[in-house]
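Report on the structure given below.
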Amino acid sequence: MSNHSGAKLRAATAKALFDILESGKSSRDVLPKYQAQLKDKDKAWLQEMSFGVLRHLPLLQYWLRDMLQKPLKGNQKIIEHLILLGFYQLAFSRVSAHAAVAETVAACNALNAPGLKGLVNAVLRNFQRQDKHLQKPDDPQINSGLPKWLYKRLLTNYPEQIDAIVESMHTRAPVWLRVNRQKIARDAYFDMLPSSINAHKHATLEDAIIIPKSVDVVSLPGFTDGLFAVQDGAAQLAASLLSPQENERILDCCAAPGGKTCHILELQPSLSACIALDIDKARLERVEENLLRLNHNATLVAGDAVEVDTWWDGKPFDRILLDAPCSATGVIRRHPDIKWLRKSKDIEELVAIQQDILSAMWKILKPGGTLLYATCSILPEENSQQIAKFLARTPSASLLPVTKTETTDNPGRQILPGEDQMDGFYYARLLKS
Ligand SMILES: C[S@@+](CC[C@H](N)C(=O)[O-])C[C@H]1O[C@@H](n2cnc3c(N)ncnc32)[C@H](O)[C@@H]1O
């Protein structure tokens, strides 16, 4: 990497961090913008470094507070993000210390702040000289990498598992493939994979293959032919828990980008109807692309799940999958920006939306039908407490257990992140009388 491109890459990473942390934009929107002009290797570097800073932000900020006399303000604020990136490189990455300092300092030019080069240089050199990376505070929240509100909630709910949860959030997730059984058997597809990627078949998830290290999935055999999709193991549980049967009418509520819709159709291609509903038209296009690539058919409907009268044709459903909008606290290991974009007050709002969608879906489910409630959250308010309240206020609802231990007071299966290498997820299955 030449000095020049290294500096520009660091400037772009600081801008991406600024957009996420100061303007509240999602990394899904921000990273592609700054990666557009970059070579593949640099694209990966930008993602790895910005995700690294987001993962360890409280500790990096703790060091910053200690080393910067006065916080930078206004146009100079971006330089704080550049310094955090410098700390991350020095404390956590394999970037050589010389490059970490020299190219981070040089990035000030590309950020229109040449006057701050001296400051950045002094702070990073002091960081090195004082072995700052060894100085961690005696504060588990700062070391956890989580914001205060989320650390508190997780500590309250999972006092024994908190360390494992935190560790899994700092660990890169493996790549999970779901083999499209309508096109090829898992064993046959597995044999097509190069041995160099060290893939293995999951013991209980019938369609799942795990690849431990990140890999360019588009270059794997059969991507364009739709032989597989990329889907975490926890999400791969949905279709079999829903258990769609021949000739049934199925609704996938909150379906985009369609990972679970496609899996439902792979397990049961002879449905009388499969409707994929989502409020977001642009995201529905992703469902269409996925259906097309994997060679499945579903009816796509754009609409608000709560406003049933605006989109429903009046025919009740045999089974409904409700993959509700949620805090996404179970997938922070894949999207570390989530913990900084979500705020504590968002949880109450999400719980209210989930409750409204649940009630609306219950009305359009056939008597005798089942509803599978799912979230990628690990907060009980959105999960077991949400379903326990629903059971208490809905006489026609009973629990169809997905585990041996659940009760109506503590219903469903809570998967914590890292469990069996999966994302954090929640499932509860309900039967309508
Ligand atoms: C967790 S994602 C769904 C992931 C998807 N089921 C899959 O497996 O690929 C939640 C989705 O809910 C949609 N959504 C949020 N509020 C909604 C509403 N009121 N009605 C319908 N869809 C909604 C969002 O647009 C988003 O696509």
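The values are calculated or read from the model by the stated rules, or taken from the named source; none is laboratory data. Keep in mind that what you see is a predicted model, and the values were worked out from it rather than measured. For neighbour counting, all protein chains shown are included, and Cβ atoms are generated from backbone atoms with ideal geometry for every residue, glycine included.
Scan the stretch 151-163 and report the pairs whose first residue is touching a residue at least 60 places away in the same chain (Cβ under 8 Å) and whose second residue is in a helix (DSSP H, G or I) and buried (at least 17 other Cβ atoms within 10 Å of the Cβ), with Cβ atoms within less than 7 Å and a gap of 6+ or a chain change.
The qualifying pairs are 154/162; 154/165; 157/380; 158/165.
Which residues, taken from the stretch 243-266, are within 15 Å of the ligand (Cβ to nearest atom), closer than 23 Å to residue 362 by Cβ and not aliphatic (A, V, I, L, M)?
Applying the first criterion (within 15 Å of the ligand (Cβ to nearest atom)) to the stretch 243-266 yields 244, 250-266.
Those still in the list that are closer than 23 Å to residue 362 by Cβ too: 244, 250-256, 260-261, 264.
Of everything in the stretch 243-266, those that are within 15 Å of the ligand (Cβ to nearest atom), closer than 23 Å to residue 362 by Cβ and not aliphatic (A, V, I, L, M) turn out to be 244, 252, 253, 254, 260, 261.
List pairs: first in the stretch 350-371 and over 23 Å from residue 240 (Cβ atoms), second away from the ligand (no atom under 16 Å from the Cβ) and assigned to a helix (DSSP H, G or I), Cβ under 6 Å, 6+ apart or cross-chain?
If the second residue must be away from the ligand (no atom under 16 Å from the Cβ) and assigned to a helix (DSSP H, G or I), the pairs left are 351/381.
Could you count how many residues in the stretch 285-299 are away from the ligand (no atom under 13 Å from the Cβ) and β-branched (Val, Ile, Thr)?
Looking only at that region, the number is 1.
Which ones in the stretch 92-114 are surrounded by fewer than 19 Cβ atoms within 10 Å (Cβ to Cβ) and in a helix (DSSP H, G or I)?
Step one: of the stretch 92-114, the residues surrounded by fewer than 19 Cβ atoms within 10 Å (Cβ to Cβ) are 92-94, 96-99, 102, 109-110, 112, 114.
Selection gives 92, 97, 98, 99, 102, 109, 110, 114.
So in the stretch 300-332, with the set limited to residues that are more than 19 Å from residue 355 (Cα to Cα) and within 14 Å of the chain's Cα centre (by Cα), which one is farthest from the ligand (Cβ to nearest atom)?
332
Based on what the data block shows, is residue 211 within 16 Å of the ligand (Cβ to nearest atom) and either within 30 Å of residue 329 (Cβ to Cβ) or outside the structural domain of residue 300 (by TED's automatic domain parsing) (or both)?
Values: within 16 Å of the ligand (Cβ to nearest atom): no; either within 30 Å of residue 329 (Cβ to Cβ) or outside the structural domain of residue 300 (by TED's automatic domain parsing) (or both): yes.
Answer is no for this residue.
So which of 132, 183, 152 ends up being more than 20 Å from the chain's Cα centre (by Cα) and surrounded by fewer than 16 Cβ atoms within 10 Å (Cβ to Cβ)?
On the way: 132 fails: surrounded by fewer than 16 Cβ atoms within 10 Å (Cβ to Cβ); 183 fails: surrounded by fewer than 16 Cβ atoms within 10 Å (Cβ to Cβ).
Only one candidate qualifies: 152.
Residue check: is residue 158 more than 18 Å from the chain's Cα centre (by Cα) and closer than 30 Å to residue 362 by Cβ? Walk me through how you get there before you give the answer.
Working: more than 18 Å from the chain's Cα centre (by Cα): yes; closer than 30 Å to residue 362 by Cβ: yes.
It is true that residue 158 is more than 18 Å from the chain's Cα centre (by Cα) and closer than 30 Å to residue 362 by Cβ.
Taking the residues in the stretch 233-289 that are β-branched (Val, Ile, Thr) and outside any helix (DSSP H, G or I) as candidates, determine which candidate is farthest from residue 371 (Cα to Cα). I'd like the intermediate steps shown before the answer.
The initial filter retains those residues of the stretch 233-289 that are β-branched (Val, Ile, Thr), namely 250, 261, 264, 275, 279, 287.
Subset that is outside any helix (DSSP H, G or I): 250, 275, 279.
Working: 250: 10, 275: 14, 279: 19 Å.
The selected residue is 279.
Kindly indicate the residue of the stretch 352-363 that is within 13 Å of the ligand (Cβ to nearest atom), surrounded by fewer than 18 Cβ atoms within 10 Å (Cβ to Cβ) and not polar (S, T, N, Q) and also farthest from residue 168 (Cα to Cα) among those meeting that condition. Let's see the steps before the verdict.
Kept after step one, since they are within 13 Å of the ligand (Cβ to nearest atom), are these residues of the stretch 352-363: 352-361.
With surrounded by fewer than 18 Cβ atoms within 10 Å (Cβ to Cβ) added as a condition, the list becomes 352-353, 355-356, 359.
Filter again for not polar (S, T, N, Q), leaving 352-353, 356.
Numbers: 352: 29, 353: 28, 356: 32 Å.
Filtering the stretch 352-363 for residues that are within 13 Å of the ligand (Cβ to nearest atom), surrounded by fewer than 18 Cβ atoms within 10 Å (Cβ to Cβ) and not polar (S, T, N, Q), the one farthest from residue 168 (Cα to Cα) comes out as 356.
In the stretch 366-391, which residue that is within 16 Å of the ligand (Cβ to nearest atom) and outside any loop (DSSP other than H, G, I, E, B) is farthest from residue 157 (Cα to Cα)?
So the residue we want is 371.
Within the stretch 266-278, is there a residue that is within 16 Å of residue 325 (Cβ to Cβ), of a type in the set (Asp, Glu), surrounded by fewer than 20 Cβ atoms within 10 Å (Cβ to Cβ) and in contact (Cβ under 8 Å) with a residue 24 or more places away in the chain?
Within the stretch 266-278, the subset within 16 Å of residue 325 (Cβ to Cβ) is 276-278.
Filter once more, so that each one left must be of a type in the set (Asp, Glu): 278.
Narrowing further to those that are surrounded by fewer than 20 Cβ atoms within 10 Å (Cβ to Cβ): none.
No, there is no match, as no residue in the stretch 266-278 is within 16 Å of residue 325 (Cβ to Cβ), of a type in the set (Asp, Glu), surrounded by fewer than 20 Cβ atoms within 10 Å (Cβ to Cβ) and in contact (Cβ under 8 Å) with a residue 24 or more places away in the chain.
Any residue in the stretch 392-414 that is within 14 Å of the ligand (Cβ to nearest atom), surrounded by 14 or more Cβ atoms within 10 Å (Cβ to Cβ) and touching a residue at least 24 places away in the same chain (Cβ under 8 Å)?
As a first pass, look at the stretch 392-414 and keep what is within 14 Å of the ligand (Cβ to nearest atom): none.
Scanning the stretch 392-414, I find no residue that is within 14 Å of the ligand (Cβ to nearest atom), surrounded by 14 or more Cβ atoms within 10 Å (Cβ to Cβ) and touching a residue at least 24 places away in the same chain (Cβ under 8 Å), so the answer is no.
Give the number of residues within the stretch 267-281 that are more than 9 Å from the ligand (Cβ to nearest atom) and either among the basic types (Lys, Arg) or over 13 Å from residue 252 (Cβ atoms) (or both).
Step one: list which residues in the stretch 267-281 are more than 9 Å from the ligand (Cβ to nearest atom), which gives 267-275, 281.
This time we only want the ones that are either among the basic types (Lys, Arg) or over 13 Å from residue 252 (Cβ atoms) (or both), so: 269-270, 272, 281.
Residues meeting the conditions: 4.
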